[in-house]
Structures are given as C-alpha cells and as structure tokens.
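The values are calculated or read from the model by the stated rules, or taken from the named source; none is laboratory data. Just so it is clear, the structure is predicted and the values come from calculations on it, not from any experiment. Quick reminder, even Gly has a Cβ in these numbers, built from the backbone with ideal geometry, and neighbours come from all protein chains shown. SASA here: full protein model, heavy atoms, side chains in, ligands and nucleic acids out. Shrake-Rupley method; radii C 1.70, N 1.55, O 1.52, S 1.80 Å.
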Amino acid sequence: MDFSELRKEMVRTQLLPRGIRDRRVIEAMLKVPRHLFVSESLRYRAYEDCALPIGEGQTISQPYMVAVMTELLELKGNERVLEIGTGSGYQAAILAELAKEVYTIERIETIAERAERILRELGYQNVYVFSGDGTRGLPEYAPFDRILITAGTPEIPDVLKEQLNDGGIIVAPVGSRYSQQLVKMIKRHNAYKMEFHTPCVFVPLIGEYGWKEE
Ligand code: SAM
C-alpha cells in the first residue's frame, strides 16, 4: 500500500473540506506515518475517517479530530506542550513536529510503553512519555504553554489550569461521559476565556479530577 498517497488523500478529502487551514498542521499530517501507530492488522484502515481501536478499550482518534485539536493549539514551534491521554502516540508525534517539547501522560502502563517504543523507533527525541493519572498534570515539569486533553472530561481540572503559562491555551473535549464538545480555553492574567467548537465523542478521562472508573 502507498501510505504516503493515502495521507495525501486523507488531507484532501477529510481535512481541507472541513476547514483545516494551518499549513504547518497539514504538513505534519502529511508527514507522520499514522499506520505505524496501529496494529499491523489495522494498517490498511489507518487513514480512514474514523477512530480505530488500539487495545484495552482505547482508541486512536479520528484524523480530523487530531488536526482540529492541533490547529486550535496555535503552535508556532517554541512551546512546551502537555498531552493527557497518550494512547497510540500519534497525536504526540504530530505535536512533536510542531512544538519544542511534548510531555505526554497515559493512565494505562502497557499503552504508554507501546507508544513510547513507537515514538523512539521513529526517532522523536522531543517527546517524553509518562504513565499515571494525567488529571493531576505533571507539576514537576510545569508550567506548560499548551495543554491538550485527548479523553472526554466533565470539566477542565483547576490543577491543569494552574500548570498553564499566562497566554497559554488548553484544548479539551468537555461534556458528559458519552458526548462532548471541543473547548478551547485561553488564560490571560489568571482569567479564562472559553471558546466552543465541534461536537465530539471521546473515551472518558478517568482519574482523580476526571470520571470515576465504572
Ligand atoms: N491521543 C491519543 C492518540 O493519538 O492515539 C488518543 C487518546 S485516546 C482517545 C484517550 C486515552 O486517554 C486512552 O489511551 C486512555 O487510556 C487515556 N486516559 C484516560 N484517562 C486518563 C488519565 N487520567 N490520565 C492519562 N491518560 C488517560
């Protein structure tokens, strides 16, 4: 299969018609080999317009959702980014193409280990993978310029807002356990401006400041 051709097709049919415009985001989506972040048996479906299973009941997000969340972060190249919900590691790789450093934390240890291995094999040296409850953030590495939550959360935890620099941006799917809306929160002088974007469905963020395990 010509995966590079499938990436071009993905950008042309899924991202551009839905309004993704940031040139750097498009370049990253054209470059990162998404098929290497899913199991071999699912590679042929890696560029389809949907989320795919990655084991343990978790998913790699739909390409459009990855692009739109990344675009909302307005990355210029010099940022330190915290991602909560490493999953496959694909979103972390996209962020690593566009920012200075990416700190990514995953609740399920086996998933974190797998993502770390793939990112290492692909040569990413500016991504640091952690295993643990990301709802608490990573206070020992804070503050961050951007925070991206890639699991559905009832609200944006205060402890994460505190780990954000002034002028920083948090993007998160906020809502109920089963459906959310993408929220962009901009911090200025300890005040927060909220913007509401596309509806979405993410697996739940489970942890001290997220949902409880069922
Ligand atoms: N960004 C991922 C990717 O590129 O493949 C997709 C993330 S997947 C939709 C959500 C992930 O968040 C799951 O792997 C899940 O285990 C993880 N998660 C849920 N609650 C978490 C928490 N409290 N801390 C860290 N990760 C969490």
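Values as computed for the structure displayed
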| quantity | calculated |
| --- | --- |
| GLU106 being open to solvent by 10 Å² or more (accessible area, probe 1.4 Å), more than 8 Å from the ligand (Cβ to nearest atom) and either farther than 19 Å from VAL66 by Cβ or within 14 Å of the chain's Cα centre (by Cα) (or both) | no |
| Set SER179, SER88: member being among the hydroxyl-bearing types (Ser, Thr, Tyr) and either at pLDDT below 95 or open to solvent by 10 Å² or more (accessible area, probe 1.4 Å) (or both) | SER179 |
| Flag for GLY137 being closer than 23 Å to GLU27 by Cα and more than 8 Å from the ligand (Cβ to nearest atom) | no |
| Where ARG80 falls short, out of the listed (1) within 25 Å of LYS161 (Cα to Cα); (2) among the basic types (Lys, Arg); (3) touching a helix residue (DSSP H, G or I) at 6+ places or on another chain (Cβ under 6 Å) | (3) |
| Qualifying residue in region 98-110 (condition: basic (Lys, Arg) and touching a residue at least 12 places away in the same chain (Cβ under 8 Å)) | yes |
| Only listed residue being within 20 Å of GLU5 (Cα to Cα), among the small types (Gly, Ala, Ser) and either within 10 Å of the ligand (Cβ to nearest atom) or open to solvent by less than 40 Å² (accessible area, probe 1.4 Å) (or both), chosen from ALA112, ALA51 | ALA51 |
| Residues being open to solvent by 50 Å² or more (accessible area, probe 1.4 Å), farther than 21 Å from GLY123 by Cβ and of a type in the set (Asp, Glu) - total across region 5-48 | 3 |
| Filtered residues of region 83-104 (kept if in contact with a strand residue (DSSP E or B) (Cβ under 9 Å, 6 or more places away or on another chain) and either part of a loop (DSSP other than H, G, I, E, B) or among the β-branched types (Val, Ile, Thr) (or both)) | ILE84, GLY85, THR86, GLY87, SER88, GLY89, ALA99, LYS100, VAL102, THR104 |
| Subset of region 1-29 [within 17 Å of the chain's Cα centre (by Cα) and either in contact (Cβ under 8 Å) with a residue 60 or more places away in the chain or under 22 Å from ILE54 (Cβ atoms) (or both)] | LEU15, ARG24, VAL25, GLU27, ALA28, MET29 |
| Among (1) under 21 Å from ALA99 (Cα atoms); (2) modelled with pLDDT under 95, the one test that MET185 misses | (2) |
| Residue tally, condition open to solvent by 90 Å² or more (accessible area, probe 1.4 Å), away from the ligand (no atom under 12 Å from the Cβ) and closer than 18 Å to THR59 by Cα, over region 182-213 | 1 |
| Those residues of region 12-67 which are assigned to a helix (DSSP H, G or I) and of a type in the set (Val, Ile, Thr), in sequence order | THR13, VAL25, ILE26, VAL66 |
| Matching residues, region 111-129, being in contact (Cβ under 8 Å) with a residue 40 or more places away in the chain and either touching a Lys or Arg at 6+ places or on another chain (Cβ under 7 Å) or in a strand (DSSP E or B) (or both) | VAL129 |
